[in-house]
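In what follows, a structure is listed as structure tokens, so that the remarks can point back to it.
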């Protein structure tokens with residue numbers, strides 16, 4: 001065979017082999033990771049492989065909470081008290097004094113009790129949801145916000161002032177472990193669908209961190225746009241997108257928790273702050289504190305579909321959705337009031353005067369099998 005013909009044949013064979021190899025490689029590319037695979041040991045079984053909020057349907061109250069009186073608890077951080085609202089009459093039925101700067105009212109992991117988090121005097125105050133009345137007080141360092149690991153093993157205190165995540169025994173509230181955070185303002189978080197990790201916002205350094213649930217160690221982070229102030233964090237029903245509200249970016253970041261990459265951004269409105277999922281898992285409600293509005297985001301298309309505006313303005317902050325899904329309750333942080341929105345069309349059902357600085361409002365009881373904390377994240 002002439003040398004030129006031999007070289008040509010060799011080239012053809014090499015190209016053919018390369019093409020076959022390329023096809024083999026393409027076929028070997030793994031499918032996207034299943035966000036619900038390999039669940040955290042001890043975490044209650046996932047009910048629906050497509051919806052982590054499947055237990056949160058309208059009226060699906062656990063036997064644990066079924067006898068609790070429906071009430072709305074409003075911590076007034078500037079008045080050092082909690083106002084308790086009857087959601088049927090939209091009136092305050094009683095108030096009680098608490099420690100300095102109450103920030104949030106948080107349901108326990110087992111849903112049997114509520115905790116008022118008094119940040120500046122290092123105190124938790126227990127509330128009986130059967131009566132709506134306060135009980136024992138417990139020393140806990142800097143309880144700005146509080147969550148629970150999905151296995152119920154730890155209460156996770158966002159100690160914003162001292163830049164730590166403190167892991168406590170959820171019954172005794174004794175400190176078991178502590179993680180120093182290299183960024184300022186750690187204050188809100190949510191867990192992955194399988195419970196293996198969580199993302200937490202660091203408000204004053206424009207960062208979102210990733211923490212391994214079992215090792216309780218920071219394993220990643222992503223920087224948001226400089227000058228941002230990330231706030232609430234909420235996972236999508238399918239477990240694939242973490243939404244992070246940023247009050248200086250005036251919108252909501254979309255983050256892939258596996259790769260810790262920003263995959264999108266949704267402009268919502270000035271001062272984007274709190275995030276809440278509708279009872280049918282179709283919509284995400286984002287409160288825009290700086291412009292007195294709520295953006296309604298379609299979770300399937302990841303687009304804003306409408307915006308509810310408070311007549312004459314307001315400062316909607318934190319809250320929750322009623323057990324039947326018909327009302328979104330939000331505190332008016334700088335307006336000394338609470339808002340009740342009709343979720344069918346967004347019109348304002350009531351604006352209720354309360355004490356100074358209402359913040360982490362809790363609607364209780366709510367559907368679900370267990371609580372992940374904050375003002376009520378249930379799965």
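I'd like to know if the stretch 58-70 contains one or more residues that are modelled with pLDDT under 95, part of a loop (DSSP other than H, G, I, E, B), more than 30 Å from residue 99 (Cα to Cα) and out of contact with any helix residue (DSSP H, G or I) (no Cβ under 6 Å at 6 or more places or on another chain). Steps first, answer last, please.
Restricting attention to the stretch 58-70, the residues satisfying the condition of being modelled with pLDDT under 95 are 59.
From the residues that got through so far, the ones that are part of a loop (DSSP other than H, G, I, E, B) too are 59.
Narrowing further to those that are more than 30 Å from residue 99 (Cα to Cα): 59.
So of that shortlist, the ones also out of contact with any helix residue (DSSP H, G or I) (no Cβ under 6 Å at 6 or more places or on another chain) come out as 59.
Checked against the condition, which is being modelled with pLDDT under 95, part of a loop (DSSP other than H, G, I, E, B), more than 30 Å from residue 99 (Cα to Cα) and out of contact with any helix residue (DSSP H, G or I) (no Cβ under 6 Å at 6 or more places or on another chain), the stretch 58-70 yields at least one hit.
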Which of the following residues is touching a residue at least 24 places away in the same chain (Cβ under 8 Å), buried (at least 21 other Cβ atoms within 10 Å of the Cβ) and either within 19 Å of residue 291 (Cβ to Cβ) or within 21 Å of the chain's Cα centre (by Cα) (or both): 330, 348?
330
Total residues in the stretch 283-308, condition surrounded by fewer than 17 Cβ atoms within 10 Å (Cβ to Cβ) and within 16 Å of the chain's Cα centre (by Cα)
0
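Right, residue 275: over 28 Å from residue 79 (Cα atoms) and touching a residue at least 40 places away in the same chain (Cβ under 8 Å) or not? I'd like the intermediate steps shown before the answer.
Details: over 28 Å from residue 79 (Cα atoms): no; touching a residue at least 40 places away in the same chain (Cβ under 8 Å): yes.
No; evaluated as a whole, the condition is false for this residue.
List the strands (runs of 3 or more DSSP E) inside the stretch 271-379, counting only whole elements, that have at least 1 residues being within 24 Å of residue 110 (Cβ to Cβ).
Working: elements: 272-277, 283-288, 293-298, 303-309, 316-321, 327-332, 337-342, 348-353, 362-364.
The strands (runs of 3 or more DSSP E) meeting that bar are 272-277, 316-321, 327-332, 362-364.
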In the stretch 241-264, what residues are assigned to a loop (DSSP other than H, G, I, E, B) and either surrounded by fewer than 19 Cβ atoms within 10 Å (Cβ to Cβ) or within 13 Å of the chain's Cα centre (by Cα) (or both)?
241, 250, 258, 259, 260
Among the listed residues 170, 182, 150, which satisfies the condition of being over 22 Å from residue 319 (Cβ atoms) and surrounded by fewer than 16 Cβ atoms within 10 Å (Cβ to Cβ)?
182
So residue 143, is it surrounded by fewer than 21 Cβ atoms within 10 Å (Cβ to Cβ), free of Cβ contacts under 8 Å to residues at least 60 places away in the same chain and either within 22 Å of residue 203 (Cβ to Cβ) or more than 22 Å from the chain's Cα centre (by Cα) (or both)
no
Number of the condition not met by residue 92 [criteria: (1) over 25 Å from residue 147 (Cβ atoms); (2) in contact with a strand residue (DSSP E or B) (Cβ under 8 Å, 6 or more places away or on another chain); (3) assigned to a loop (DSSP other than H, G, I, E, B)]:
(3)
Looking at the stretch 66-92 only, could you name the residues that are farther than 18 Å from residue 318 by Cβ and either crowded, with 22+ Cβ neighbours inside 10 Å or free of Cβ contacts under 8 Å to residues at least 12 places away in the same chain (or both)?
89
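Return the residues of the stretch 206-222 that are outside any strand (DSSP E or B) and surrounded by fewer than 20 Cβ atoms within 10 Å (Cβ to Cβ); say none if nothing qualifies. Break it down into steps so the answer makes sense when it comes.
Pass one, the stretch 206-222, residues outside any strand (DSSP E or B): 206, 213-216.
Answer for the stretch 206-222, where residues must be outside any strand (DSSP E or B) and surrounded by fewer than 20 Cβ atoms within 10 Å (Cβ to Cβ): 214, 215, 216.
Is it true that some residue in the stretch 323-334 is on the phi > 0 side of the Ramachandran plot and either in contact with a strand residue (DSSP E or B) (Cβ under 7 Å, 6 or more places away or on another chain) or modelled with pLDDT under 95 (or both)? It would help to see each step written out before you state the result.
Of all residues in the stretch 323-334, those on the phi > 0 side of the Ramachandran plot come to 325.
From the residues that got through so far, the ones that are either in contact with a strand residue (DSSP E or B) (Cβ under 7 Å, 6 or more places away or on another chain) or modelled with pLDDT under 95 (or both) too are none.
No, the stretch 323-334 has no match at all.
The values are calculated or read from the model by the stated rules, or taken from the named source; none is laboratory data. Keep in mind the model is a prediction, meaning the values are calculated, not measured. Please note: Cβ atoms are built from the backbone with ideal geometry, for glycine as well, and neighbour counts cover all protein chains shown.
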